[in-house]
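Since the structure comes first, as C-alpha cells, the remarks are kept for the end.
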Protein chains: 4
Amino acid sequence: MKSAVEHIFDLEQPRTERMPIHPAHKQAGYSYLLHRHHEDEYRPEETGPRTGAAGVLICGEHTGTHIDALSHQADALTLCGGVPVGEVQSSRGFTRHGVEEVPPIVAPGVLLDVAAKDGVESLEPGRVVTADDLEECCRAQGVGVEAGSVALVRLGNAVFWDDEERYLAGPGMDASAARWMADRGVVAVGADNMAWDAPGLKDPELGCLMAGHLILLARRGVYIIENLALDELASSGQHRFDLICTPLKLVGATGSPVRPLAVVSG
Amino acid sequence: MKSAVEHIFDLEQPRTERMPIHPAHKQAGYSYLLHRHHEDEYRPEETGPRTGAAGVLICGEHTGTHIDALSHQADALTLCGGVPVGEVQSSRGFTRHGVEEVPPIVAPGVLLDVAAKDGVESLEPGRVVTADDLEECCRAQGVGVEAGSVALVRLGNAVFWDDEERYLAGPGMDASAARWMADRGVVAVGADNMAWDAPGLKDPELGCLMAGHLILLARRGVYIIENLALDELASSGQHRFDLICTPLKLVGATGSPVRPLAVVSG
Amino acid sequence: MKSAVEHIFDLEQPRTERMPIHPAHKQAGYSYLLHRHHEDEYRPEETGPRTGAAGVLICGEHTGTHIDALSHQADALTLCGGVPVGEVQSSRGFTRHGVEEVPPIVAPGVLLDVAAKDGVESLEPGRVVTADDLEECCRAQGVGVEAGSVALVRLGNAVFWDDEERYLAGPGMDASAARWMADRGVVAVGADNMAWDAPGLKDPELGCLMAGHLILLARRGVYIIENLALDELASSGQHRFDLICTPLKLVGATGSPVRPLAVVSG
Amino acid sequence: MKSAVEHIFDLEQPRTERMPIHPAHKQAGYSYLLHRHHEDEYRPEETGPRTGAAGVLICGEHTGTHIDALSHQADALTLCGGVPVGEVQSSRGFTRHGVEEVPPIVAPGVLLDVAAKDGVESLEPGRVVTADDLEECCRAQGVGVEAGSVALVRLGNAVFWDDEERYLAGPGMDASAARWMADRGVVAVGADNMAWDAPGLKDPELGCLMAGHLILLARRGVYIIENLALDELASSGQHRFDLICTPLKLVGATGSPVRPLAVVSG
C-alpha cells in the first residue's frame, strides 16, 4: 500500500489545555500532567542509566478532534435502533452503542469545501450550511457522496483553533444537511467546527438545537467526527481520498479522541 | 484502497477498569465515568426530544494498547538525540520528543510469531526472547524485517488480558532482541505483552531493567507499541501487512493510547 | 478555649492509594499525583532560590474518612424532605442537599464502644449491631445520647485499615440501630467501618441493603461519618467530648472528606 | 464547650468550577462530576426504594480555601529544616513535610483588619501590606500576635470571589510582613487573597517573587492558609477567637483544602 501512497494528511488538531472546548465539556476539560519525572528514579549506581517519565490524562472524550458514538445522543430517551436509555446507561457508560462498537473506519472519503464554494477562506459565524449548499458543492467540485463513504465538510473554521471565542462561534450545518448526508448512506460525517451543527440554531420542526446530532446519531446511525483540521487537505485540491479513523475502544464511552488520516493514493 | 483490502485486523485490546495495568501506572490507572446522563437534560416541552450523554476519561497514557514516545525513557537523564531532560521536562510534559512528534504511522508491517515458532499457544512467564529467536522466526516464516517497517512480536500473551497477574508475568525480550530490531532500521516495534521487555530481567552490561526501552527509545529512536492483540492476525497466517497507527497529538505527553490496524491487501 | 483543652483526638484515617475503598467507589478511587516538582522551576540566577511543588487529587468524595450529605441517598427517588431527585440532580451534582448545606459541626459527642461492651478488641465480620446493643452500651458506659449530639459507634474495625478485604468485611449496624439514633435527635452518627451499615444485610421490612443509609440520610436527615479512627479515643476512656467536623463546601457534592476531632476539655 | 460558644464563623469560600484559581494551579483546576445518578440503581421490585448517588472530585490541592504544607516551597531545593528535595520528592508526593504532618490546628486566633485600618472596604490591587501595616493594625485594634497563635490578615479581597480577574489581582504582603509574623512565633498565617504575597512583587534582597512563601514555609516552618472568607468575622468586631483548621491527611501532598472556623466564646 505504501508504494501507492502519494500523501498522508493528518486531520487531527493538537491537544493542549488551551484548545477550545465546548461549554458542555469544560468539566472536566483537558489536562495532561506529568507526575513521573525522570529524576525521580535516577540512581545510576543501583539501577543503571535508564529512567522513565509518564503522566496522567484527564479529559472529556468529546474534547479535541473526536468521534461521537451512537450513545452520545438520544431521541426521547431512546438510542439508535430503539434502545431505551434506561436499559443501557450507567455511571460507567453504556452497555450498548458505546464507542467500542464503532469499527475501525477505512472507507472512501470526500471533502466538500463549502468555504471554497462561497469563495472565502472561512465561513462567517451565523452562516448555516444546508442541503442545497452540499448539493452545489458536489456540482462545483465534480464529486458525489456515495454509500459507505465518509463525507467531510470544510467551513474554514480550523484556522481559529487558537481563538476559542471565534472557534466556538463558527458556522455549522442545519437539519437538511444532516438528512442529505444520511440519505446518501454515509458511514460518518465530519467537519472543522466544534459540533457539526450550527450553534444556537433551533430546528422549528424538531423543536431542538443540534438537530444534526439527533438525526445522524440517534435516528440514522451515522457517526460524527468533530474538530477536524481540513485546510492542508483542501489546499492540496484532493477531494477524494481514503479516510482512516480508529476510535479507541473505551468500553462504554460516548465517543473517542481520534487522529483521522486522509490518504491519497497515487 | 478499499477495493484492494482483503481484511482489517484490529490490534487494540478493549479498555476497561479491569484491564491489566503496569504497577508503575496504577496511579492513576484507568477510569471512564459518565457524569452527563441523558435524563439530566430531558425537557421535551422546552427543548425537544434530543438529549446528550458524555463522560470523563482519567488514565495514564501508558494504559491499554499504546505507543511510547521518545520522551518516555532517558539515558543518564538524556533523551534520544542528546536532549538533556532538564531542558525539556515540565509539569505539563515535554517540549521535545512529546508524542505529538510521532508522525502517523502507515508502514509495512511484519509479524514474528515466536510462540508459533516454539510450537506453543503462549510463551511461558520467564521465557526471554532473544535476537536468535527473532532470526529463527524470520527463517521459519520466510520473512525479513526491512528498514522503515514496523515489526510486531507475538508471544501469545494477549489471551491473558483478563488475568492481570498472569498477563503482567508474561514473557518478553532482552537487549539483543532490541538491538536486532534497531539494527534493521525499523520505525517501531510492538508486542502482545505489557512492556516489550522481559519483566525483571536486569541487563548485565547496561546495569538496568527494561534494557529494550533504553536501547529503542532513548538511544535508537524506535517507538514501542505495547499490549497489542495479535492472535487473530496470527491465526490468519498473514505475516506481512500494512501497519496503521495514529498516536493522538497529546502535546508534551510521553505516549498515547492507540488502536493499530493491520491491513492486508488482496 | 485552648487552656481548657486537655486533649485533641484526630479521628481521620490517613489517605493513600492503598487505603480500603468501597467497591462502589473504586472508580475513580483515590490518587494523589505530584506533577509540579521543585526542580522544574529552579533557575536561581533568574528567579532566586524559591521553588514550588504541587499536585492533583483525583478521588471519590466517599473515600477515606468522610461525611455523607443528604443528597447521597434517595427514597423512591426522593431526597430528604420530599425533594424529587429529578428536580435537583445534574451532571455537576445537586442543587439541594449538597454537602455545602452541611453546617460546620461543633456539637457534644458520645462514643458508644460496642466492641468493649462485647469484651473484644474488634467485632467480627457478620456481627450486626442493633438498637439493643446501643442501649446496653449506654447503660454499661453510664452515658446517654442527647438531641443535637453526634454519636460515634466503635466496632473495633479501624485497626484493619491496611487490610482492605478484612476492613470491608467488617461488622455494622442494622435498621433498628439507625432508628434508635434518629429517635434521639442526633445531628450525625459515625463509625469505624466503611459504610455504617452491616454489609450485605437486607432489611426484610424495607426490602433494601444499607437500611441505615435510607433511614438516616433519606428519611430522618441525619448525616453519617464513615471510616473513623476511634481506637485512641476509646483507649483514653473518654466517652464524652466535643465533636468538630468541617465538611468542605464542595458545592453540589454528595459528601466530603473530613478530619473530625474529638476535643476533651479539662 | 458548646454552651460557652457565642458564634461560629465559617471561613471557607464555596468551591465550584467558577471559583478563581491561581494560574499555576489551573491544571487541573477544580471539577466535581456526578457519575452515579440515583436512577442508575433504582429497581424497587428487586432492591427496594433506596438508591445512592456519588461523584468524583478532580482538583489541585491548592484550589479554594486551603493550607500550604511545608513541602510546598523550597529554598535552593531544600525544604524547611534542611531536608533536600531530592531525598523526599516523588511522583506521589513527599515523604517528609507532607500535609499529613500538619497537626489539627486548634489555637488562639487574631484578625488583623488592614482594610479597616486603611478605612476602606477593600484594599486596591497593588497595595503592598508591610510589617509597619501589621504593627499599626495591632495598635489600632488593641491586640497583639502571640506565639502559638494563628494570625489572619484581612485585605477585603474576599468579596471578589466571583470575579477571578479582580480577585487574582488583589493586594498582598511583602517580605517584612512575613518576617514580622514568623518573629512572633505564629503557627500559621492566613489571608483573604489567592496567595498571601503581593502578586508580582520581586523581593530585591531575596531575588524572588512570593517572598513570604519562601520565608514562612521554607525557612520558618509557618503554614499559610489562603482564600479565606473574613468579612463576616470582621463585621462582628471580633478580633480574637479560637481558630480551628483540620487539614486532610492526604499523605504526601503539599497542601489540603480546609474549612477553617473562627469560634468566639461567650
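A short reminder: the numbers here are calculations on the coordinates, not readings from a lab. These numbers were taken from a predicted model, which means no experiment stands behind them. Glycine also receives a Cβ, built like all others from the backbone with ideal geometry; neighbour counts cover every protein chain displayed.
Descriptive notes on the structure:
- With Cα atoms defining each centre, segment D:48-119 and segment A:96-133 are spaced 48 Å apart in the structure.
- Projecting 7 Å from Cα along the Cα-to-Cβ direction, the label point of C:GLY185 sits 4.5, 7.6, 8.8 nm from its equivalents in the other copies, listed shortest first.
- Within a Gaussian network of chain A (alpha carbon springs, distance under 10 Å), most fluctuating of A:VAL145, A:VAL85, A:VAL99: A:VAL85
- For chain D, the relative contact order is 30 percent, taking Cα pairs closer than 8 Å that sit 6 or more residues apart in sequence and dividing their mean separation by the residue count.
- Per-residue average of Cβ from other chains inside 10 Å of A:249-262: 6
- Cα centroid separation - segment C:196-266 against segment B:206-240, whole Å: 51 Å
- Unsatisfied cross-links (Cα-Cα over 25 Å) in the set A:LYS26/A:LYS202; B:LYS26/B:LYS249; A:LYS26/D:LYS249; A:LYS26/B:LYS249; D:LYS26/D:LYS117; C:LYS249/D:LYS249: A:LYS26/D:LYS249; D:LYS26/D:LYS117
- Label-zone membership for segment A:233-266, site A:GLU6, 7 angstrom Cα→C-beta point, backbone N under 16 Å: A:233-243, A:262-266
- In the protein assembly as shown, helical runs assigned H by DSSP with n ≥ 4 each contribute -39500 (n - 2.57); averaged across all residues and rounded to the nearest 500, the mean residue ellipticity at 222 nm is -4000 deg cm²/dmol.
- Cα Rg, Dmax, segment B:135-191, angstrom units: 13.0, 36
- Counting, for every residue in A:7-16, the Cβ atoms of other protein chains within 10 Å of its Cβ and taking the mean gives 4.
- In a DSSP loop and with at most 13 other Cβ atoms within 10 Å, the GluC sites (Glu not before Pro) in segment B:47-136 are B:GLU121.
- Counted charge near D:GLU17, where neighbours are those whose Cβ lies closer than 11 Å (Asp, Glu -1; Lys, Arg +1): +4
- Listed peptides B:155-161, B:37-43 appear in the order B:155-161, B:37-43 once ranked by packing, highest mean of other Cβ atoms within 10 Å at the front.
- Taking the charge dipole of segment A:76-136 about its Cα centre, with +1 at Lys and Arg Cβ atoms and -1 at Asp and Glu Cβ atoms, the residue from A:SER122, A:LEU77, A:PRO108 reaching farthest to the positive side is A:LEU77.
- Per-copy distances of the D:GLU6 label point, shortest first, in nm (7 angstrom along Cα→Cβ): 2.8, 8.6, 9.0
- For segment A:19-36, 3J(HN,Hα) per residue [Karplus equation, 6.51 cos²θ - 1.76 cosθ + 1.60, θ = phi - 60°, Hz, x = Gly/Pro]: 5, x, 9, 4, x, 5, 10, 5, 9, 9, x, 9, 9, 10, 10, 9, 8, 8
- Rounded to the nearest 20 debye, dipole of the protein assembly as shown from Cβ charges on Lys, Arg, Asp, Glu: 0 debye
- GNM flexibility winner over chain B from B:ASP174, B:ASP163, B:ASP133 (Cα, springs under 10 Å): B:ASP163
- Scanning residues 5 or more positions from A:VAL186 or on other chains, those with amide H under 5 Å from its amide H are A:GLY148, with H placed 1.01 Å from N in the peptide plane.
- Net +/- balance of residues flanking A:HIS62 in space, Cβ distance below 9 Å, scoring K and R +1, D and E -1: -3
- Global geometry of segment C:139-252, whether rounded, prolate or oblate, following the gyration tensor of its Cα atoms and the 1.5 cut on a/c: rounded
- Diagonalising the gyration tensor over the Cα atoms of the protein assembly as shown and scaling each eigenvalue by 5 before taking the square root yields semi-axes of 50, 33, 32 Å, largest first.
- Across peptide A:21-30, the mean count of Cβ atoms from other chains lying within 10 Å of each residue's own Cβ comes to 5.
- Under a model in which nothing but the beta-carbon of Lys, Arg (+1) and Asp, Glu (-1) is charged, segment C:1-100 shows a dipole of about 140 debye around its Cα centre.
- Between 0 and 90°, nearest 10: helix C:131-141 axis offset from chain C longest Cα axis: 80 degrees
- A point 7 Å from Cα along Cα→Cβ stands in for B:GLY82, and the other copies hold the same point at 4.1, 6.9, 7.9 nm, listed in rising order.
- Kirkwood hydrodynamic radius (C-alpha pairs) into Stokes-Einstein, segment D:1-134, 4 °C and 1.567 mPa s, D in µm²/s: 64 µm²/s
- Highest GNM mean-square fluctuation among A:MET181, A:MET173, A:MET19, for chain A modelled with Cα contacts below 10 Å: A:MET19.
- Pairwise label distance in nanometres, D:SER90 with A:GLU164, each label 7 Å out on the Cα-Cβ vector: 3.5 nm
- Whole-Hz ³J(HN,Hα) from phi, Karplus 6.51 cos²θ - 1.76 cosθ + 1.60, for segment D:225-241, glycine and proline x: 10, 10, 6, 6, 9, 10, 5, 5, 4, 5, 4, 6, x, 7, 9, 10, 6
- Loop sites in segment D:169-266: chymotrypsin sites (Phe, Trp or Tyr not before Pro), DSSP, at most 14 other Cβ within 10 Å: none
- Pairwise Cα separations in chain B fall into 10 Å bins from 0 onward with the following percentages, short to long: 7, 29, 34, 19, 7, 3, 1, 0.
- For a modelled paramagnetic label at B:VAL120, 7 Å from Cα along Cα-to-Cβ, the residues of segment B:166-195 in reach, with backbone nitrogen under 12 Å, are B:170-172.
- In a DSSP loop and with at most 12 other Cβ atoms within 10 Å, there are no GluC sites (Glu not before Pro) in segment D:142-190.
- Cα gyration tensor shape for segment D:28-82, rounded if a/c is under 1.5, else prolate or oblate: prolate
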